[in-house]
1. Under 6 Å between Cβ atoms, at least 6 apart or on separate chains: pull out the pairs that start in segment 1-12 with a residue that is within 9 Å of Leu168 (Cα to Cα) and among the aliphatic types (A, V, I, L, M) and end on any residue that is at pLDDT 90 or above and surrounded by fewer than 16 Cβ atoms within 10 Å (Cβ to Cβ).
2. Taking Ala119 and the conditions (1) more than 9 Å from the ligand (Cβ to nearest atom); (2) at pLDDT below 95, which numbered condition does it fall short on, given that it satisfies the others?
3. For segment 133-171, what are the residues that are among the charged types (D, E, K, R), more than 16 Å from the chain's Cα centre (by Cα), assigned to a loop (DSSP other than H, G, I, E, B) and within 11 Å of the ligand (Cβ to nearest atom)?
4. Can we say Ile15 is assigned to a strand (DSSP E or B) and surrounded by 19 or more Cβ atoms within 10 Å (Cβ to Cβ)?
5. So which residues in segment 119-132 are open to solvent by 30 Å² or more (accessible area, probe 1.4 Å) and within 13 Å of the chain's Cα centre (by Cα)?
6. For segment 10-69, which positions are of a type in the set (Val, Ile, Thr), closer than 18 Å to Leu127 by Cα and in contact with a Pro (Cβ under 9 Å, 6 or more places away or on another chain)?
7. Quick check on this structure: which one of Leu127, Leu109 is in a helix (DSSP H, G or I), within 12 Å of the ligand (Cβ to nearest atom) and not aromatic (Phe, Trp, Tyr)?
8. Restricting to segment 18-57, give me the number of residues that are open to solvent by 60 Å² or more (accessible area, probe 1.4 Å) and farther than 24 Å from Pro166 by Cα.
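The values are calculated or read from the model by the stated rules, or taken from the named source; none is laboratory data. Just so it is clear, the structure is predicted and the values come from calculations on it, not from any experiment. Cβ placement follows ideal geometry from the backbone for every residue including glycine, while neighbour counts extend to all protein chains displayed. Accessible surface areas use protein heavy atoms only, side chains included; no ligands, DNA or RNA. Shrake-Rupley method; radii C 1.70, N 1.55, O 1.52, S 1.80 Å.
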Amino acid sequence: MPAHELEILIPADRIRARVAELGAQISADYKDKPVLLVGVLTGSFVFLSDLVRHMSCPLRVQFIGTKSYEGTSTTGQVQLTKDLDSVVEGVHVLIVEDIIDTGLTLSYLKKLIQQRKPASLKVVAFLDKPSRRKVEIEGDYVGFKIEDKFVVGYGLDYNQLYRNLPDLRVVKQ
Ligand code: IMP
């Protein structure tokens, strides 16, 4: 397996502090309203698992799956690989994304879930790469804005590798 040259972009302690802040902010906004966290597979699983441990409002968790990437380049097409397990009509939904890059995945998911008439629909993204946007879309809560670099770690992968790294690293091409 070829090793890639990786450089730390955001250390684990900064991630921990920011995720705690996000959890507190989201909990304050939802207060006693039960919220359904919808984690977008697979990249959001580390962020989601840390985030929920900093949230105090009543919450449930489900996952939804999409596919759009091969290696480091987007195919531009989003496909659903796993749907939600229950109806979301009248439910407060918070989509949990690893990164908003082109915005195509999020735009697809927001449309899909909005059609099902949730009570509210918001987005929390661990990362945002605004310079790569192909559609106009923003997260309601964002951990870090980053430059146009391909990053791995904290759930994000390069060909399925490096999701386990506790910090965020740039893959040197
Ligand atoms: P989109 O381009 O906003 O639709 O992003 C689709 C998905 O591509 C994200 O949810 C990530 O899983 C993946 N992705 C985008 N940029 C990166 C990156 O820098 N590293 C790892 N995965 C990425």
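1. Ala12/Pro166
2. (2)
3. Our first condition is that a residue be among the charged types (D, E, K, R); within segment 133-171, this holds for 133-134, 136, 138, 140, 145, 147-149, 157, 163, 167, 169.
Narrowing further to those that are more than 16 Å from the chain's Cα centre (by Cα): 134, 136, 147-149, 169.
Still in the running and assigned to a loop (DSSP other than H, G, I, E, B): 134, 136, 147-149.
Scanning segment 133-171 gives Lys134, Glu147, Asp148, Lys149.
4. Details: assigned to a strand (DSSP E or B): no; surrounded by 19 or more Cβ atoms within 10 Å (Cβ to Cβ): yes.
No, not satisfied.
5. Lys122, the sole residue that qualifies.
6. Residues satisfying the conditions are Ile15, Val46.
7. Values: Leu127 fails: in a helix (DSSP H, G or I).
Step by step, each of Leu127, Leu109 is checked, and only Leu109 is in a helix (DSSP H, G or I), within 12 Å of the ligand (Cβ to nearest atom) and not aromatic (Phe, Trp, Tyr).
8. 5
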